[in-house]
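To start, the structure under review is shown below, and the notes come after it.
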Amino acid sequence: MNLKDQSKIQDVAIIMDGNGRWAKNRSRPRIWGHVRGASVVSKIAESASDLELNSLTLYAFSTENFSRPDQEVNFLFKLLDKFLIKEKQKILKNNIHFRVIGKFDFLSEKTLRKVRELEDLTKDNTGLKLRFAFGYGGRAEIVEACNTLISKNLKASEENISKHLYDEIINIDLLIRTGGDQRISNFLLWQSAYAELFFTNTFWPDFSSQEFQDILSQVSTRERRFGGIHTSSETEFQKENQTHL
Ligand code: IPE
Ligand code: IPE
Ligand code: MG
């Protein structure tokens, strides 16, 4: 597995969960939670940019979310459209490289055009790589990559699969999930192979830049061993085991 040689947290992904329960606690409709949740996205992206992370991948709509009532699904599509209009200038100003990942060909022409336009306008930007996972499923992504390999007559290898995923970010350092549940829900299955996991009970609309920074500093103290042993243990190991080897 081709993992980075340094353990610094550079590539972060977030499962933005808990919008519905946040609204329910306030006796408001679920879509109100989505509206409030959308406003948090911009704040966290800005923090990620200020903190000079390499990338931030946000889970906005999963392949499984199609099973929700049509009205909610349509509302979430509309929110994406609004986000693209509202955040365009900020994304450009902050030198952000923006992309949407997933199978989102179900989006309206109008929204797709906005997605493509913003991707194109930001393609040479050198700042934060901001990814929106929309209509995204981790298994579907791997299956698509494998099918592309078959059609190109290439063999399946870690390198070849990695090269044919939706995006170039193939190692996530930290995967955060808000909303209290402790599961991956089909997000970045390949990319999270060695990710640090962090689960917070905070519902997404209450998630703040402060909590984001606290999580980053907490996780950065974790020792990431990537299957090895701690470097100081290596000399100890030599000493302790010399006679047995
Ligand atoms: C996450 O919040 C947003 C999406 C999945 C689109 P939810 O809508 O899943 O909120 P809860 O989990 O029901 O509270
Ligand atoms: C995961 O949240 C998907 C997104 C945040 C977009 P869900 O609310 O859909 O996850 P499950 O169904 O509880 O696992
Ligand atoms: Mg949920």
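FYI, it's all coordinate maths here, none of it is from the lab. As the structure is a prediction and not an experimental result, all values here were calculated from the model. Positions of Cβ are backbone-derived with ideal geometry, glycine not excepted, and every protein chain shown enters the neighbour counts.
Below are the figures for this structure:
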read-out	value
For residue 229, net neighbour charge (Lys/Arg +1, Asp/Glu -1) across residues whose Cβ lies under 11 Å away	-2
Set of aspartates and glutamates near residue 103 by C-alpha distance (under 13 Å), chain-local residues within fewer than 8 positions excluded	64, 141, 144, 167
Highest-first arrangement of 51-58, 15-22, where packing means the average Cβ count within 10 Å	15-22, 51-58
Sequence ranges 130-138, 25-33, 151-159, ranked by mean other-Cβ count within 10 angstrom, highest first	130-138, 25-33, 151-159
Within the chain, helix-based [θ] at 222 nm, where runs of 4 or more DSSP H residues each add -39,500 (n - 2.57), nearest 500	-14500 deg cm²/dmol
Cβ-based net charge around residue 200, under 15 Å, with every Lys or Arg adding one and every Asp or Glu removing one	-3
24 Å tail of the calculated P(r), the chain, as % of Cα pairs	50 percent
Greater than 20 Å apart at Cα, pairs in 93/114; 8/129; 88/123; 110/163; 114/152	110/163; 114/152
Charge dipole (debye, nearest 20) of segment 152-245; +1 at Cβ of Lys and Arg, -1 at Cβ of Asp and Glu	360 debye
Vicinal HN-Hα couplings computed from phi for segment 105-114 (Karplus, 6.51 cos²θ - 1.76 cosθ + 1.60; Hz; Gly/Pro x)	6, 7, 5, 5, 3, 4, 5, 4, 4, 5
For the chain, size of Cβ-based charge dipole, Lys and Arg +1, Asp and Glu -1, in debye	960 debye
Around residue 137: net Lys/Arg minus Asp/Glu count, Cβ-Cβ under 15 Å	0
Whole-Hz ³J(HN,Hα) from phi, Karplus 6.51 cos²θ - 1.76 cosθ + 1.60, for segment 200-215, glycine and proline x	10, 6, 4, 6, 3, x, 9, 5, 10, 4, 4, 5, 4, 5, 4, 4
